[in-house]
Amino acid sequence: MVASTSSLPNTRPTRTDGRRPVIVGYDAVSPLGVDMDAQWERASQGLSGIGGLTRFPLRERFPVRIAGQVDDIVTDAYPFLTSRDMALWTSPVFKHALLVVHRALKKSGIEITGDIAPRVAITFSSAIGGLDSVLHADRQLVSEGKLPPPYTNANSCINMVGGKVSIMTGATGPITSTITACATGSTSMILGAMFIAQGMADVAICGAVDFPLLESILGGFATMNGAYRPKEGQPVEPPEKASRPFSLNRRGFVVSEGAGCIIIARADFAKAHGLAPRIEMAGWAMTSDAHHFVAPNLETVKQCIAESIAHSGLQPGDIDAVNAHGTSTKIGDRIEGDALKDIFGGEMPPVSANKSQTGHAMGASSAIEIILAMEGMIRDMVLPTINYSPDPDIPIDCVPEGARRVAQEHVLKNAFGFGGCNSCIVLRRIA
């Protein structure tokens, strides 16, 4: 049964509730840039990271021609990315995963020493993993009869992303791959929080990476009518105008790539180690749609949102902003809009859909968006939903005018994945 908004509990956890994990560091790469400050600057200016697709030669009639691509990273600044070993890990998921984890840990101030290592969990994952390595090897096998290189299968194992994070950091606590399609990044944080709540870890390295700009994957999204396609007979639109969540003229998601890492820790661990967290995970929830392989289920989506707010000890009116899943699909945006309307009624907070600027980075999208949401909380700013044209069936405030100054103590983050995998998190500013 879906919890009604009137039945949510009134009790609130205190601002120093030790059961709630705190965020001690984070980092991301996205189509908006590979430096965190640069990404925020572009996002707050209402700019887009969407452009022409250049990851592979485009066939004449190939239906997908735009994407959100991540700029090349300067590997020379990070010796571990130029090591002889890394040459064997050809899929881009590995170097980008290790980069954001390395930088997030550095920002956190945590040094994973021998005494800490067994208490550091890894839930950093991927929805697609290094599938590019298998596709490349398969094409070579078919065209040249050449057997795959010995690291092909290892590159394609999704759990190997977390494995490489463990090897690089020395973390030896619980490790798992939290694959929930587009919700993978959010789910990784929830599983990390659960490890901490169960006393199995003091710290968790969470987040996700995906680099899905492969010909067969993009073609598959096109044939299932998920990826953006221009309207026949209409003038070609600039790529940066294509991703338009919640808009009347939305025409599917723009596939992109990226990675985001969020380091969470027990509050007393953070205090004991002199860390200075500014945000905590106030509450969370997960549900399964049991409905359809891509079309979301209003009741279980609404249940996930309601339960995450209830788990925070809050009422809907306490939520200051929503960071939406907002993919730009007809049914997905409508269901999310209906769920928000049912939960918040006439007190709808502003709703920011970051995919309007970044595109859809699959499992990494929710990790990147959580990071942008936290930056906004710290800076008292809600990012805009660009390219917005009001849809009368989705009456929500999408911040279309540009970044808006809003003090935010509590932010709801929605993430809904293929297969009906729903993960919602409520973030609280604590400093």
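Data overview
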{"read-out": "Of all residues in the stretch 56-97 being within 25 Å of the chain's Cα centre (by Cα) and among the charged types (D, E, K, R), the one that is farthest from Pro239 (Cα to Cα)", "value": "Lys95"}
{"read-out": "Lone qualifier among Leu141, Leu99, Leu105, Leu147 - being touching a residue at least 40 places away in the same chain (Cβ under 8 Å) and either more than 21 Å from Gly274 (Cβ to Cβ) or assigned to a strand (DSSP E or B) (or both)", "value": "Leu99"}
{"read-out": "Failed item in (1) of a type outside the set (Asp, Glu); (2) within 15 Å of Val29 (Cβ to Cβ); (3) buried (at least 20 other Cβ atoms within 10 Å of the Cβ), with Ser108 passing the rest", "value": "(2)"}
{"read-out": "The stretch 109-143, residues that are under 12 Å from Asp202 (Cα atoms) and not aliphatic (A, V, I, L, M)", "value": "Asp115, Pro118, Arg119"}
{"read-out": "Filtered residue count, the stretch 16-75, keeping only those that are among the basic types (Lys, Arg) and either within 22 Å of Tyr388 (Cα to Cα) or not in a loop (DSSP other than H, G, I, E, B) (or both)", "value": "2"}
{"read-out": "Matching residues in the stretch 150-178 - criterion: being in contact with a strand residue (DSSP E or B) (Cβ under 9 Å, 6 or more places away or on another chain), assigned to a helix (DSSP H, G or I) and either surrounded by fewer than 17 Cβ atoms within 10 Å (Cβ to Cβ) or not aliphatic (A, V, I, L, M) (or both)", "value": "Asn159, Gly162, Gly163, Ser166, Thr169"}
{"read-out": "Top-ranked residue of the stretch 56-89 - restricted to ones that are modelled with pLDDT under 95 and in contact with a His (Cβ under 9 Å, 6 or more places away or on another chain), ranked as surrounded by the fewest Cβ atoms within 10 Å (Cβ to Cβ)", "value": "Phe80"}
{"read-out": "Where Asn387 falls short, out of the listed (1) under 17 Å from the mean Cα position of the chain (by Cα); (2) closer than 20 Å to Lys241 by Cα", "value": "(1)"}
{"read-out": "Hits in the stretch 303-329 - residues which are part of a helix (DSSP H, G or I) and hydrophobic (A, V, I, L, M, F, W, C)", "value": "Cys304, Ile305, Ala306, Ile309, Ala310"}
{"read-out": "Condition check for Gly332: within 18 Å of Thr187 (Cβ to Cβ) and either assigned to a loop (DSSP other than H, G, I, E, B) or in contact with a strand residue (DSSP E or B) (Cβ under 8 Å, 6 or more places away or on another chain) (or both)", "value": "yes"}
{"read-out": "Qualifying residue in the stretch 113-120 (condition: hydroxyl-bearing (Ser, Thr, Tyr), at pLDDT 95 or above, under 23 Å from the mean Cα position of the chain (by Cα) and assigned by TED's automatic domain parsing to the domain that holds Asp210)", "value": "no"}
{"read-out": "Scan of the stretch 344-371 for residues that are in contact with a helix residue (DSSP H, G or I) (Cβ under 7 Å, 6 or more places away or on another chain), in a helix (DSSP H, G or I) and crowded, with 24+ Cβ neighbours inside 10 Å, ordered by number", "value": "Lys355, Gln357, Thr358, Met362, Gly363, Ala364, Ser365, Ser366, Ala367, Ile368, Ile370"}
{"read-out": "Residue match in the stretch 289-300 (condition: within 19 Å of the chain's Cα centre (by Cα) and not in a loop (DSSP other than H, G, I, E, B))", "value": "no"}
{"read-out": "Any chance Ile305 is under 29 Å from Ile128 (Cα atoms) and not assigned by TED's automatic domain parsing to the domain that holds Glu409", "value": "no"}
{"read-out": "Residue match in the stretch 179-189 (condition: of a type in the set (S, T, N, Q), more than 20 Å from the chain's Cα centre (by Cα) and part of a helix (DSSP H, G or I))", "value": "no"}
{"read-out": "Residue that is surrounded by the fewest Cβ atoms within 10 Å (Cβ to Cβ), among those in the stretch 373-411 that are in a strand (DSSP E or B) and touching a Leu at 6+ places or on another chain (Cβ under 8 Å)", "value": "His410"}
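The values are calculated or read from the model by the stated rules, or taken from the named source; none is laboratory data. The shown structure was predicted, so the numbers you read here are calculated from the model rather than taken from an experiment. Glycine also receives a Cβ, built like all others from the backbone with ideal geometry; neighbour counts cover every protein chain displayed.
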